[in-house]
Amino acid sequence: MITAWRSIGGVRWGWFIAFALVLLLLPLVYETHTPTVLLIWALFALSLGFMWGYAGILSFGHSAYFGLGAYVYAIAAVNIGESTLPLILAVFIPACVAAVIGAMMFYGRISDVYMGVMTLVVSLIMFKFMNATAGDQYAIGAARLGGFNGMPGFPTLNVPGAPHISLWGVPTYYVCAVSLLICYLLCRWILARSFGRVLLGIRENETRCELLGYNVPACKTAIFTISAAMAGLSGCFFANWAEIVTPSVFSLQTSSDVIIWSMVGGVGTLIGPILGAMALGMVKLLLGQQTLINNFLVFGFILIVVVLAMPRGVIPSIQYWWGNRSRRSRVPSNGGRARRRLTVKPAERS
Amino acid sequence: MDYAGVVFLEIIYMIAFLALTSAGLAVVFGMMRVINLAHGEFVMLGGYTTLTCYKAGINIYFAMLIVAPIVVGLFGLIVERLIIRFLYGRMIDTMLATWGLSLFLIGAVTMIFGSSAVNVPTPISGYELGSYQMGGYNLFIIFVAAAVMIGVWCVLRFTRVGLIARGAMQNADVASSLGYNPRTVYMITFTAGAALSGLAGGVLAPLTGLLPTSGGAYIAKAFITIVTGGAAVIAGTVSSSVIFGVISQVVSFASTPVIGEIAMLALAIVLLRLMPQGITGRFFKNST
Amino acid sequence: MSDVVETHELTMRFGGVVAVNNVNFNLRERELRCLIGPNGAGKSTFFKCLTGQLPLNHGNGRVFIRGSDVTGWRAHEIVRLGVGIKTQVPSVMNGLSVEENLWLAARRIHGWNGTAGAAEEIIAELQLGDFSKRLVGELAHGQRQLVEIGMVLVQRPWLVLLDEPAAGMTGDEVERLAKVIRRINQTASVIVVDHDMEFVRMLGSNVTVFHQGAVLLEGPCDHVLSDEKVREVYIGTRAK
């Protein structure tokens, strides 16, 4: 009976298994250094895209939680020497910070562009703060924060409980790949439950959800926290991949990159942000290696074109086009996939 | 005593700086609810325009006060026609498209001018306040900022053009049934906002080395200033500039400039939490 | 019989304007009451004070629902008491289908298994079957109103607050709505805010007239609607 929700909560197992196989078998034919960072960016984009696409919450400073994950891991790893607890902290602490900030915003009825500013400001504060911590006096335990130079030389991931068996290289790739797959399934699971449907309701009409008796601020804070936890995990992996953590993890650039990837890939799907991040991340890396055309120019142009021509993003546009070709004539809707668009018309803003 | 004078002037300067760099964004946001994230790049373009004119021998005041606004204003017109006008009412999409535009502009300017800093000399020399050496040019900036604020306020309040603009912003349907095309109003308003950004960029060019990425320094502060200010164009910008200018400079003087900036950002969070519709959503309602 | 709704000196100001002025209001169990009054009389503001959509503190007076002091409660807390609320502007999920809207409404009360059944019951009761799979955003205004009422009813509230439920409905839909309201009234207390005199007459209940933020008159429908003061307030000095 409920047709639209089935597609949100259900996993298309065929595609999923194919995708998983590609990821897991890739190291047999290709090097893993570049794919690892693409997976990390994909997880980061998934964290934002999930919250944005299904609950309608767009954070302009999601790099705050990405960066927190990275720094928390580095600081904890230097102090503890083993990687299991630091990884857990790198997920837990961003989640806690997000819970506090989210509660402050959502219980205060902040929404829309004002929330965008607040989330942006949080990430900027972290960026400026970290930038200014050069010098020996800025340290947490044994870990010097390093200011704008960053923190190099922390222990990277090892097998839990065996600090001398490092997971560097191909094993880290597998850790990232499996994490991405698990997080994807986690998101699908949430969407299949009542909580996921309430989130959709909140995205569509917050007032009405409130008037149905749902505790909207609590729901929004919860999804914000979950999203920050995933972002923190991706930040932790990033620290391990780069082997150095600098304040640029908190930068506006990082926040804007993940928004662009999600948007181009397609907000309103889970696979959109993942593929968008991988594709555009790859483009970014390739462009960085040549000097003929400027990076920014290309990305800016892509973003403008996507917003004007395919505002739903690439994946949903493809799905729509595909669906229109093979579907029998249905009640013509300006809905269909278009309802996934997250546009805020003046009338909808309260 | 001299020190008090210095602090006072620095505070006024910061207020002026914030107001001037936010003016263009405030006009566009306050009137049309459009967030132009390429605003910082428009400011940067104003700077490069001034630089180019100066190198070509044009008088620097003419370059920064006349040429820069016109050039960037025209550029804003092109942007409005090609991009913005398709996205009215879609605030998030507009933000994303203008973000893309800002990246595009940074790239383009880098390819044309190169990525190293260029300098425009300050046309006004410093003066002495007691035992402190002050930048005379800062006074000029304060003067220009005040003139811009007063000028825009007068245009909106006292001219027919301003009244039509305010009317169209309130209710586009009523405006068109009175014979005014809202689309034209939006176009002119966006162009005016771009021109103001160009003016700010031209005037600020002599201060620091110009880089293609200079815009980034302006956009965050401007965005925060006008959103915290709320919907009223001038009252919002001025009130939030005053609050942020005072707090950021006072804290800077009491500790370090970095702490001062962080204090300003933290204050923005507090203010938005207390007044979710901005300052002029709560106080000074119905002001311009 | 104790009161389902009680307000003590309820006052709401917006800037310098006193929208609701010291209103003492009572609603008995299973009563149906219509709130009427010209534009700007304060009915909708009063309504929003009852529903928790306007934040109240103790300076605004007190609101009691079935004896509990709900002053300052948020809307979702009031709804959880067992109150159903329909707002003036249809507040529905435009991007979801009618069934999905109703499912979400029903889910808060029923477990996972019972929800679909409850939603189908309401669809049958309000005759929404013809368009139940369509997106709510595509429906006509009157149909959307009906969906919203369905969402309210599926939670089986014992107090129902409706703000202009008949707005934008055709004559047939209005009659159907009046029947639905009378049926709801068999198990719940109801407050209806509306302008439409015909609709109010159809309901034939007790009426409270608001004027300039205060209660002008209260009483049975015919008595109030033929009262001189009420006509003056609505129509000016020319009587119909």
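Quick look at the values:
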quantity	calculated
Average partner coverage of A:212-221, which counts Cβ from other chains inside 10 Å	5
Environment charge at C:VAL207 (Cβ cut-off 11 Å; Lys +1, Arg +1, Asp -1, Glu -1)	-2
Sequence-distant residues sharing a close amide H with C:ILE85 (under 5 Å, placed H)	C:LEU161
Helical mean residue ellipticity (222 nm; -39500 (n - 2.57) per DSSP H run of 4+; nearest 500) of the protein assembly as shown	-19500 deg cm²/dmol
Distance in nm between pseudo-label sites at C:ASN26 and A:LEU308 (7 Å out along the Cβ direction from Cα)	6.8 nm
At 1.306 mPa s and 10 °C, Stokes D of segment A:93-172 from Kirkwood alpha-carbon radius, µm² per second	100 µm²/s
Using alpha-carbon coordinates, inclination of helix C:98-107 to the longest axis of chain C, degrees	80 degrees
Rounded to whole Hz, the Karplus (6.51, -1.76, 1.60) HN-Hα couplings of segment B:28-39, x for glycine and proline	5, 6, x, 8, 10, 6, 9, 9, 9, 6, 8, 4
For chain C, diffusion coefficient by Stokes-Einstein and Kirkwood Rh (Cα), 10 °C, 1.306 mPa s, µm²/s	86 µm²/s
Förster radius 60 Å - calculated FRET efficiency between B:SER176 and C:GLU121, Cβ distance, rounded to 0.05	0.80
Estimated translational D of segment A:122-235 in µm²/s (Stokes, Kirkwood radius over Cα pairs; 37 °C; 0.692 mPa s)	183 µm²/s
Shielding by partners, peptide A:262-274 (average Cβ within 10 angstrom, other chains)	1
Square roots of 5 times each gyration tensor eigenvalue, C-alpha, segment A:247-291, largest first, Å	19, 15, 7
Listed residues B:ILE226, B:ILE142, B:ILE58, most fluctuating in chain B (Gaussian network, C-alpha, under 10 Å)	B:ILE58
Scattering profile of chain A at q = 0.07 Å⁻¹ [log10 I(q)/I(0), Debye over alpha-carbon scatterers]	-0.30
Average silhouette area of the protein assembly as shown, convex hull of alpha-carbon atoms, in square nanometres	42.2 nm²
Restraint check, C:LYS179/C:LYS229; C:LYS86/C:LYS179; C:LYS86/C:LYS133, Cα-Cα greater than 27 Å	C:LYS179/C:LYS229
In degrees, nearest ten, helix A:295-309 long axis to first principal axis of chain A (Cα)	20 degrees
Chain B shape via C-alpha gyration tensor axes, a/c threshold 1.5	oblate
Per-pair calculated FRET efficiency, R0 = 30 Å: B:MET1 and B:TYR61 via Cβ, rounded to 0.05	0.35
Local net charge near C:HIS141, Cβ-Cβ under 13 Å (Lys/Arg +1, Asp/Glu -1)	-3
Gyration tensor verdict on segment C:73-163 (Cα atoms; rounded if a/c is under 1.5, prolate if a/b is larger than b/c, oblate otherwise)	oblate
Contour minus Cα-Cα distance for C:ARG62 and C:THR170 (0.36 nm per residue)	35.1 nm
Selection from B:THR189, B:VAL251, B:ILE70, by position along the positive dipole direction of chain B (Cβ)	B:THR189
10 Å-binned pair-distance histogram of segment B:98-249 (Cα, whole percent)	9, 28, 33, 22, 7, 1, 0
Ascending count of other beta-carbon atoms within 10 Å, so fewest first, for C:LEU177, A:LEU38	A:LEU38, C:LEU177
Gyration tensor over alpha-carbon atoms, segment C:1-75, equivalent ellipsoid semi-axes in Å	20, 15, 10
HN-Hα J in Hz across segment C:166-179 - Karplus 6.51, -1.76, 1.60, θ = phi - 60°, x for Gly and Pro	8, 4, x, 9, 6, x, 5, 5, 5, 5, 4, 4, 4, 5
Rounded to 10°, Cα long-axis angle of helix C:112-125 versus longest principal axis of chain C	60 degrees
Top of B:TYR186, B:TYR132, B:TYR48 by mean-square fluctuation, Gaussian network on chain B, Cα under 10 Å	B:TYR132
Label-point gap, in nm, between A:LEU28 and B:ILE188 - each point 7 angstrom along Cα→Cβ	6.9 nm
Mean separation of Cα contacts under 8 Å, 6 or more apart, over the residue count of chain B: relative contact order %	35 percent
Residues A:TRP322 and B:ALA266, FRET efficiency given R0 of 56 Å [Cβ-Cβ distance, rounded to 0.05]	0.70
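The numbers here are math on the coordinates, done by the rules we state, and not lab data. Because the structure is predicted, anything quoted here is derived from the model rather than measured. Glycine also receives a Cβ, built like all others from the backbone with ideal geometry; neighbour counts cover every protein chain displayed.
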